[in-house]
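For reference, the structure discussed in these notes is given below.
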Amino acid sequence: MMSPLTPTTSLIEPFGLEIDLETGSMPGATNHLVRRASDMCGYYADDEALDALIADGDPLHYEVFERPVPEEDGHLMFCVSVLQPGRVGDECFMTKGHYHTKANTAETYLCLRGEGYMAMKANDGSWRAERMVRGRMVYVPPYWAHRSINTAGEPLVSHCVYPADAGHNYGDIASQGFPKRVYVRDGQEAIE
Ligand code: PAN
Ligand code: ZN
């Protein structure tokens, strides 16, 4: 009989790396994903406001920093996600949001800086928004699409961990969106 310690996934060496818990900076990251306003076409309620933002310098929207591991069953991917503050019209900057391709995979988000929400949507139309604030962790259960939303005036920084073979399904959210959006008008948050 095969021993439970016989590897069925890539064997790699253990490693450690620093994460600045104030800023989220992870100098050991070797993957750097960048999304600018022009990567967000179709995601916000006000297309014209997004076009104006793109014409006005196409500002940075969010970044993901990773020290990748094999995308295989058994490994855990971890990253730092940095979502800039800003509005498209009155709507708060947000990430695209996705289901995991392997939909029965969860994710943890630990907020290191800033304030906002983790919006989550299930396939039956259920919707939740969990507050993100430094020191608060959000558990995204299997089958829930997820998107971060920055309601503050500083970057929303989180540390995320999820099964390395989860994959990202953006298509369903790109076409269906989430049931609610988060706005700030005259300093007041509105979720509608
Ligand atoms: C996160 C997200 C990250 C960027 O690492 O990928 O916050 O958001 P989008 O992927 O929606 O653009 C995660 O949830 N990984 O599974
Ligand atoms: Zn995810």
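The values are calculated or read from the model by the stated rules, or taken from the named source; none is laboratory data. A quick note: this is a predicted structure, and the numbers were derived from the prediction, not measured. A quick note on method: Cβ atoms are made from the backbone with ideal geometry, for glycine too, and the neighbour counts reach across all protein chains shown. Only protein heavy atoms, including side chains, enter the accessible area calculation; ligands, DNA and RNA are left aside. Shrake-Rupley method; radii C 1.70, N 1.55, O 1.52, S 1.80 Å.
Some observations on this one:
- Which numbered condition A52 fails, given (1) at pLDDT below 95; (2) farther than 29 Å from R136 by Cβ: (1)
- Residue in region 87-96 that is within 12 Å of ligand 1 (Cβ to nearest atom), under 19 Å from S175 (Cα atoms) and out of contact with any Gly (no Cβ under 9 Å at 6 or more places or on another chain) present: yes
- Within region 35-53, the only residue that satisfies the criterion of being more than 21 Å from the chain's Cα centre (by Cα) and closer than 24 Å to F65 by Cβ is L53.
- For region 141-192, the set of residues classified as within 16 Å of ligand 2 (Cβ to nearest atom), part of a strand (DSSP E or B) and charged (D, E, K, R) consists of R147 only.
- Residues in region 66-82 that are of a type outside the set (S, T, Y) and either open to solvent by less than 30 Å² (accessible area, probe 1.4 Å) or over 12 Å from N31 (Cα atoms) (or both): V69, P70, E71, E72, D73, G74, H75, L76, M77, C79, V80, V82.
- Selection from region 83-105 of residues that are open to solvent by 30 Å² or more (accessible area, probe 1.4 Å), closer than 21 Å to E189 by Cα and within 13 Å of ligand 2 (Cβ to nearest atom): K96
The rows are residues; the columns are (1) under 25 Å from L60 (Cβ atoms); (2) modelled with pLDDT under 95; (3) crowded, with 16+ Cβ neighbours inside 10 Å.
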residue	(1), (2), (3)
T151	yes, no, yes
V157	yes, no, yes
P163	no, no, yes
Q176	no, no, no
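- Going through (1) within 16 Å of ligand 1 (Cβ to nearest atom); (2) more than 21 Å from the chain's Cα centre (by Cα); (3) not acidic (D, E) one by one, T6 falls short only on (1).
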